Amino acid sequence: MKLKVLESPAEPWFAEGLQFTCSQCGNCCSGPPGFVWITREEIQRVAEFLEISPAEVVEKYCRKIGGRFSLKERRHPRHGGYDCIFVKEIPAESSKSGKLPAGKVEHTRRICSIYSVRPLQCRTWPFWTGNLSSRAAWESASKRCPGMNRGELFDRVRIEKLRDAEDWPEKPPTSERKVRE
Ligand code: SF4
Ligand code: SF4
């Protein structure tokens, strides 16, 4: 008699975990035209955060595409890319004070002005299905995201939870502490 052997699914290429720590460069909130999908529930959360009505959030910050909402973008006056409507630039210390300690290089930071209520899509970056489909896809995405392949190690379970999240993950890859002003 032949015993039926249960097949175990193949190990994903990221089984040993992946590193990520956001450097706040803002690249993922800018660049070529794109979409940042936002659900009605998330619109409600943004409305509460901004202390305006959900209808105002839709009118001021969203565009409707095929029955769904995506955040508006605006053209950046200097680099010409498309910024998410919620990107906020924080000038470098050097431009504020006119001087910087010897050897220190500081760049303008670009942060999210609704960080604590940013949509799921932003909360789960870079652990998206597409980026995780292969090592090549991950490495390709890392060319625009200097936070990938450095810093905190995410194990397989956490990566898959973020990839498959349908609502806000308990522990998003970037914490309030790291990015929020
Ligand atoms: S997630 Fe990556 S691309 Fe986005 S701000 Fe952080 S380091 Fe930059
Ligand atoms: S909502 Fe915030 S984190 Fe998401 S793309 Fe816009 S600025 Fe970036």
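In a solvent-free Debye calculation with one equal scatterer on each Cα, what is log10 I(q)/I(0) for the stretch 18-179 at q = 0.12, 0.14, 0.17, 0.19 Å⁻¹, listed in the order of the q values?
Values returned for q = 0.12, 0.14, 0.17, 0.19 Å⁻¹ are -0.59, -0.80, -1.15, -1.36.
Provide the gained length on full extension for the span residue 24 to residue 108, in nm with one decimal, where the gain is 0.36 nm per separating residue minus the Cα-Cα distance. Don't jump to the answer; show the numbers that get you there.
Working: separation 84, 0.36 × 84 = 30.24 nm, distance 0.97 nm.
Length gained between residue 24 and residue 108: 29.3 nm.
Each label point is 7 Å from the Cα along the Cα-to-Cβ direction; what then is the distance between the points at residue 90 and residue 50, in nm?
2.1
Rg and Dmax of the stretch 41-92, using alpha carbons, in Å: what are they?
Here Rg and the maximum Cα pair distance are 12.8, 40 Å.
Can you compute the modelled spin-label distance between residue 13 and residue 40, with each label point 7 Å from Cα toward Cβ, in nm?
Output for this residue pair reads 3.9 nm.
Can you compute the charge dipole magnitude of the stretch 18-179 about its Cα centre, using +1 on each Lys and Arg Cβ and -1 on each Asp and Glu Cβ, nothing else charged? Give it in debye, rounded to the nearest 20.
On the way: 29 positive and 20 negative charges, 120 e Å.
Approximately 580 debye in magnitude.
Where a number appears in this text, it was derived from the coordinates with a stated rule and is not lab data. The structure displayed is predicted, hence computed values, not measured ones. Cβ coordinates were reconstructed from backbone atoms using ideal geometry, including for glycine residues, and neighbour counts include every protein chain displayed.
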